[in-house]
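Visitor: Quick one: this structure, given as structure tokens, is what I'll be asking you about.
The values are calculated or read from the model by the stated rules, or taken from the named source; none is laboratory data. Owing to the predicted nature of the structure, the values given are computational and were not obtained by experimental measurement. A quick note on method: Cβ atoms are made from the backbone with ideal geometry, for glycine too, and the neighbour counts reach across all protein chains shown.
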Amino acid sequence: MAESLLVRKQTSFALFCVGNRNPPPDLIIGQLQLGTPITFINQRRFTLQAATGFSDLWEIPAANCNLSDGQTYHYWFEVL
């Protein structure tokens, strides 16, 4: 499992989350804008999908998140 997770994380946002997840976890991603106060801009939310062949692994390909090369993003997972 660990090797598979590391391979997946090269091209996807992946979360190992044990237990029944309803609703599924979300990825929240955006950028910081410096200033007073620092603000979180261009925020986007994506629902992760269950990974094929794993009961507790959730993912979304980075290519599906409309990211731009050369930019810095900050993200977290929301699990309810």
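Visitor: With the checklist (1) over 16 Å from the mean Cα position of the chain (by Cα); (2) at pLDDT 95 or above; (3) not aliphatic (A, V, I, L, M) in hand, flag the one item G53 doesn't pass.
Guide: Exception for G53: condition (2).
Visitor: Restricting to region 56-80, name every residue that is of a type in the set (A, V, I, L, M) and modelled with pLDDT under 95.
Guide: L57, V79, L80
Visitor: Now for a different question. How many of the residues in region 44-80 are touching a residue at least 40 places away in the same chain (Cβ under 8 Å) and assigned to a loop (DSSP other than H, G, I, E, B)?
Guide: Residues that pass the stated criteria total 8.
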